[in-house]
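A.B. asks: Once you've had a glance at the structure underneath, I'll fire off some questions.
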Amino acid sequence: MRASLTLLMVACLGFFGACSGPVATTPTDPDTSFGHRYEGEAPDGYNAVTISVPDEELEFAYFPATFDHVIVRPDLMQLQTDTVSVEILVKGSLPDACMELHAFDQERTGNVVTATLQMRRPQSRVCASVRRPYRLYLMLEDSFVQGHYTLKLNGSIIPFVVQYIESD
């Protein structure tokens, strides 16, 4: 009997919701759907951003990025495979008009993915103190099989589950 791969959404979101902040509780929410993107500002007020290459002529100060929510999104379109890709949706706020996301680094050891998300600010600029909400879509390296996993992002722990459900 072939096993279909799906994320046990209700249990994962309900049980681990406190660890990852408020998230949607239905699988039809676009934020829980692998690959779904908002261009520009999403209905929740967060703007889609990417990590950009810094201007080489400027000197920057680097900081751990701040974030409000992390939503783990496995690729449910890979239902007939033994492994799936997983992306994360990070929602946060940049604290001033000059701050930008700088880099995302990750390392996987077994079922633990340790990642850092950095932001940068030009050292020579005076910037308006204004909160700028962002949403960032990132792929986790490698593939994931059925099991319990932990994403450690900038020291925050976000548990998630990939679970097979038997198909008819």
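A.B. asks: Among 44-56, 106-118, what's the highest-first ranking by average C-beta atoms within 10 angstrom per residue? Write out the running numbers ahead of the final one.
C.D. replies: Values: 44-56: 12.5, 106-118: 15.3.
For the peptides 44-56, 106-118, the packing ranking is 106-118, 44-56.
A.B. asks: With all protein chains present and a 1.4 Å probe, how do H69, H36 order by accessible area, largest first?
C.D. replies: Working: H69 30, H36 60 Å².
Correct descending sequence by accessible area is H36, H69.
A.B. asks: Would you work out the relative contact order for segment 51-168, in percent, from Cα pairs under 8 angstrom that are 6 or more residues apart?
C.D. replies: Values: 243 pairs, mean separation 34.1, N = 118.
It rounds to 29 percent for segment 51-168.
The values are calculated or read from the model by the stated rules, or taken from the named source; none is laboratory data. Quick caveat: nothing in here was measured; it's all calculated off a predicted structure. Reconstructed Cβ throughout: ideal geometry from the backbone, glycine too, with neighbour counts over all protein chains shown. Note: accessible area is taken over every heavy atom of the protein model, side chains too, but ligands, DNA and RNA are not part of it. Shrake-Rupley method; radii C 1.70, N 1.55, O 1.52, S 1.80 Å.
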